[in-house]
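These notes concern the structure reproduced below.
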Amino acid sequence: MTEQVSYSGPQRIFSGIQPTGNLHLGNYLGALKKFADLQDAGWEGIYCVVDLHAITMPHAKGALADQTRQIAAAMMAAGLDPDTSTIFVQSSVRAHTELTWIFNCVARMGWLEKMTQFKDKSGKDSERASVGLFDYPVLQAADILVYKATHVPVGEDQKQHLELSRNIAARFNQQYDVPGFFPLPEGLIEGPGARIMSLKDGTKKMSKSDPAETSRINLIDDTDMIAKKIKKAKTDTLGDMPETMEEMAPRPEVANLVGIYAALAGMSDEQVLAEYGGKGFGTFKPALAELAVEKLSPITKKMREFLDDPAEIDAAMAKGAEKANAVAAPIIEEVRRVVGFWQV
Ligand code: AMP
Ligand code: TRP
């Protein structure tokens, strides 16, 4: 949907990460690193550990708080500063769920039925999936729009959910005759690292839920483990490193390793090929392992330091919730007026 009147409020970033499983290199390059880069470029940003999303799938009782703390620690270790940016836990700001209900009555069944993530996660037996899993993208739209965020840094897998957020915003504006009330949030997706693939299968994305540990590099892996996983990463039998992008095109596993190198080094794929094209994997893989360790180990170290001092994380999250609430509260009040609810 496009709009006649566009949003004219401030530009603001929102993004979220679920507290499920271990964070991996895909989460770092597709999300965390981008967050820190955007903060350093001067963007106002609100970053959220989305625990309400985490309960849409089966989860171990009692693990939620610890996993939430891990993500908070990773956000800060990757360079988000709780004084500059807002970092908080989703369930501590009630406006997210309130706006979700209102958006449930704006979003159409047909829109949600198209969501590929629901199809993937609900598997063959979608009748047994939670209603929350189906509604997941509506909560995501509420996360973004309860702050009237205009830009959303995420990995490529979230493109469809962002499109849905734009449709909900546009339809709300139209249905309640408030042109330009909500912005139509744009993804910040492009760039190296938007889609990091499994180390075992270059056609599958690196994922928290892959049962094969060797398919991903976790942020908490130690130096030896990182080196081991890269050494074991699948390549192919088509010879040495390609010299051109054309030569690399039919080699997804190799393209993934080159993409990882490029994203970590801040280089383009072409620059990596200029340096390593024609060389053997016996040269490239150790160089990649060294680079990965060099970039990730300071983050892992900081993450462990934060986790050793949970009180500091908890204080940062409490402050973040207060800051987030200060932005969301007047917006949800405005929404209540627009919808026409009883005013108390
Ligand atoms: P999740 O772990 O699903 O909550 O994802 C957190 C963030 O990491 C989202 O912005 C995802 O788009 C991003 N992300 C997850 N997996 C990958 C991947 N393999 N490559 C790039 N980004 C990813
Ligand atoms: N669905 C996102 C993911 O799995 C997480 C998320 C929830 C999110 N709410 C969000 C991302 C709002 C960006 C903006 O990665």
Yes/no for G62 being more than 11 Å from ligand 2 (Cβ to nearest atom), at pLDDT below 95, out of contact with any Leu (no Cβ under 6 Å at 6 or more places or on another chain) and on the phi > 0 side of the Ramachandran plot: yes
Test: residue in region 56-64 that is buried (at least 21 other Cβ atoms within 10 Å of the Cβ), outside any loop (DSSP other than H, G, I, E, B) and in contact (Cβ under 8 Å) with a residue 40 or more places away in the chain: no
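So that you can scan it fast, the table gives a plain yes or no per residue for (1) at pLDDT below 95; (2) within 13 Å of ligand 1 (Cβ to nearest atom); (3) part of a helix (DSSP H, G or I):
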residue: A107; (1), (2), (3): no, no, no
residue: G110; (1), (2), (3): no, no, yes
residue: P137; (1), (2), (3): no, yes, yes
residue: K148; (1), (2), (3): no, no, no
residue: V178; (1), (2), (3): no, no, no
Scope region 1-55; condition assigned to a loop (DSSP other than H, G, I, E, B) and basic (K, R); matching residues: R12
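Table: residues versus (1) closer than 29 Å to V327 by Cβ; (2) loosely packed, with under 14 Cβ neighbours inside 10 Å; (3) not aliphatic (A, V, I, L, M).
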site: M115; (1), (2), (3): yes, no, no
site: D125; (1), (2), (3): no, yes, yes
site: L133; (1), (2), (3): yes, no, no
site: Q140; (1), (2), (3): yes, no, yes
site: L145; (1), (2), (3): yes, no, no
Residue count, region 65-84 (criterion: surrounded by fewer than 17 Cβ atoms within 10 Å (Cβ to Cβ) and in a helix (DSSP H, G or I)): 2
Test: residue in region 165-179 that is of a type in the set (G, A, S) and within 16 Å of ligand 2 (Cβ to nearest atom): yes
Any hit, region 217-236, residues being within 11 Å of ligand 1 (Cβ to nearest atom), under 22 Å from the mean Cα position of the chain (by Cα) and surrounded by fewer than 21 Cβ atoms within 10 Å (Cβ to Cβ): no
Within region 147-199, considering residues that are of a type in the set (S, T, N, Q) and over 29 Å from H24 (Cα atoms), the one surrounded by the fewest Cβ atoms within 10 Å (Cβ to Cβ): Q175
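Results for (1) more than 16 Å from ligand 2 (Cβ to nearest atom); (2) of a type outside the set (A, V, I, L, M, F, W, C); (3) farther than 25 Å from R195 by Cα; (4) in contact with a Cys (Cβ under 9 Å, 6 or more places away or on another chain), shown as yes or no for each residue.
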site	(1), (2), (3), (4)
S6	yes, yes, yes, no
I13	no, no, no, no
L23	no, no, no, no
I46	no, no, no, no
L52	no, no, no, no
M57	no, no, no, no
A73	yes, no, no, no
S91	no, yes, yes, no
T100	no, yes, yes, no
Search result, residues across region 86-105 that are in contact with a Lys or Arg (Cβ under 8 Å, 6 or more places away or on another chain) and within 16 Å of ligand 1 (Cβ to nearest atom): F88
Test: residue in region 3-13 that is under 15 Å from the mean Cα position of the chain (by Cα), under 20 Å from V146 (Cβ atoms) and surrounded by fewer than 23 Cβ atoms within 10 Å (Cβ to Cβ): no
Lone qualifier among D83, D40, D51 - being among the acidic types (D, E) and free of Cβ contacts under 8 Å to residues at least 12 places away in the same chain: D83
Residues being within 24 Å of K208 (Cβ to Cβ) and either without any contact (Cβ under 8 Å) to a residue 40 or more places away in the chain or of a type in the set (V, I, T) (or both) - total across region 105-134: 13
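The values are calculated or read from the model by the stated rules, or taken from the named source; none is laboratory data. Remember, it's a predicted structure, so these values are computed and weren't measured experimentally. Note: ideal-geometry Cβ built from the backbone for every residue, glycine included; neighbour counts use all protein chains shown.
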